[in-house]
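Please read the structure below before turning to the comments.
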Amino acid sequence: MNKSEVYLLSGFLGSGKTTLLKNLLQQERLDGRRAAVLMNELGSVSIDSDAVNEDVPLKELLDGCICCTISDKLEAQLQSLLIENNPDVIYIEATGAAHPVEVLDAIVSPLFADRIDFKGIITTVDSKRWLERKKLSPQIQLLLVEQVKHANLLLINKTDTLNEEQQANVSMEISLLNPHAFTILTSFAKVPTNHVRKMGYKKDLLQHRVKVDLQLRTFVYHFKHHIRQEDFENFLREIPETIYRIKGYVRFSENSYPYLFQYSYGMPLYMKEYMNMPLNLVFIGENIDWTVLNDMLSDLEEKQSRKIDK
Ligand SMILES: Nc1nc2c(ncn2[C@@H]2O[C@H](COP(=O)(O)OP(=O)(O)OP(=O)(O)O)[C@@H](O)[C@H]2O)c(=O)[nH]1
């Protein structure tokens, strides 16, 4: 089965996420790709779902934010979209109130990590609101900045509401906050899909299939063997601080069943599982050379298999 590309649409309330979604769905249709949508709205009544044509599979998560209250439901919805529809691409529209790291955390589940290809975060910014952001509460201002900082592709939207000088100012401020993302000035979130599919990966990196990046990314490691718990704990001591989350299943040589492993901002947690699970470990981090991490983990496996061979 093919992997489904997954894109997360982030951005503050009213910044143009649904407008972007409509544009992307239209282009996917023209390109003959099967798209599906997962929408998260804070209210208990769906408002934006009318934006999605009836033939596009749609799952909705109402009455809560993906990042805090309903992440388990998101996992279930995403899994059923993958199983029932096997789409080429899934667009997830998060509520404007969501923090990107928390949403990412809810999206990449070790249970189906090998079925999805998480391409990145597209953040829409309401350019007029950005210029007037000092009027907003400090928490909202911080959220706007976080949404910009963690984006892989940035759309500075609603440029039709600004003059040229204002557009240049927003563009400069945003590029300074996140110099690594592709930044595009848009009106009504019109963006060509080739920009979206590239998703800020530098061309040469893409060619070498190396996931080295200066931005927030996910990485999945699949264990073929069990490893020693002590080696794994040493590995955790060596990893960079910019790995914010790790979760997944790992099997230690000392036990016959796997552990569910959770790691959040430096704190590890192990929970015994009484059945076989896919030994996928999902990482979320920033400024990480994923090839180095990959080598560190395969070294743990090799070290253990050499011991067994002796
Ligand atoms: N003038 C102008 N209006 C826009 C632009 N993009 C979107 N809008 C309008 O802004 C409003 C909000 O756009 P949406 O796409 O619904 O924004 P959203 O981020 O999905 O909003 P929430 O779902 O509330 O978070 C709609 O009335 C859009 O038609 C733009 O570039 N210029």
Notebook entry, point to check: Taking the condition modelled with pLDDT of 95 or more and either outside the structural domain of Leu38 (by TED's automatic domain parsing) or not in a helix (DSSP H, G or I) (or both), does Ile121 pass?
Noted result: no
Check: What single numbered condition from (1) surrounded by fewer than 17 Cβ atoms within 10 Å (Cβ to Cβ); (2) more than 16 Å from the ligand (Cβ to nearest atom); (3) of a type in the set (D, E, K, R) fails to hold for Glu132?
Finding: (2)
Note to self: Go through (1) modelled with pLDDT of 85 or more; (2) away from the ligand (no atom under 14 Å from the Cβ) for Leu143 and report which single condition fails.
What the structure shows: (2)
Note to self: I'm trying to understand the selection: among the residues of the range 170-194, which are away from the ligand (no atom under 16 Å from the Cβ) and part of a helix (DSSP H, G or I)?
What the structure shows: Met172, Glu173, Ser175, Leu176, Leu177, Thr193, Asn194
Check: Of all residues in the range 102-118 being in a helix (DSSP H, G or I) and either of a type in the set (Gly, Ala, Ser) or touching a residue at least 60 places away in the same chain (Cβ under 8 Å) (or both), which is farthest from the ligand (Cβ to nearest atom)?
Finding: Asp114
Next item on the list: Could you give me the residue pairs with C-beta distances under 6 Å whose first residue belongs to the range 278-299 and is β-branched (Val, Ile, Thr), whose second residue is part of a strand (DSSP E or B) and open to solvent by 50 Å² or more (accessible area, probe 1.4 Å) wherever it lies, and which are 6+ apart or on separate chains?
Entry: Val282/Val220
Note to self: Which count do you get for residues in the range 147-169 that are within 16 Å of the ligand (Cβ to nearest atom) and either within 17 Å of Thr95 (Cβ to Cβ) or under 25 Å from the mean Cα position of the chain (by Cα) (or both)?
What the structure shows: 9
Margin query: When you scan the range 172-195, do you find a residue that is in the same structural domain as Leu281 (by TED's automatic domain parsing), open to solvent by 60 Å² or more (accessible area, probe 1.4 Å), farther than 30 Å from Ala35 by Cβ and at pLDDT 85 or above, even just one?
Written below: no
Margin query: Quick check on Thr95: is it within 15 Å of the ligand (Cβ to nearest atom) and in a strand (DSSP E or B)?
Written below: no
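The values are calculated or read from the model by the stated rules, or taken from the named source; none is laboratory data. The model shown is predicted, which means the values in this text are computed figures rather than measured ones. Positions of Cβ are generated from backbone atoms using ideal geometry, with glycine treated the same way; all protein chains shown enter the neighbour counts. Remember, those area values only see protein heavy atoms, side chains included, never the ligands or the DNA or RNA. Shrake-Rupley method; radii C 1.70, N 1.55, O 1.52, S 1.80 Å.
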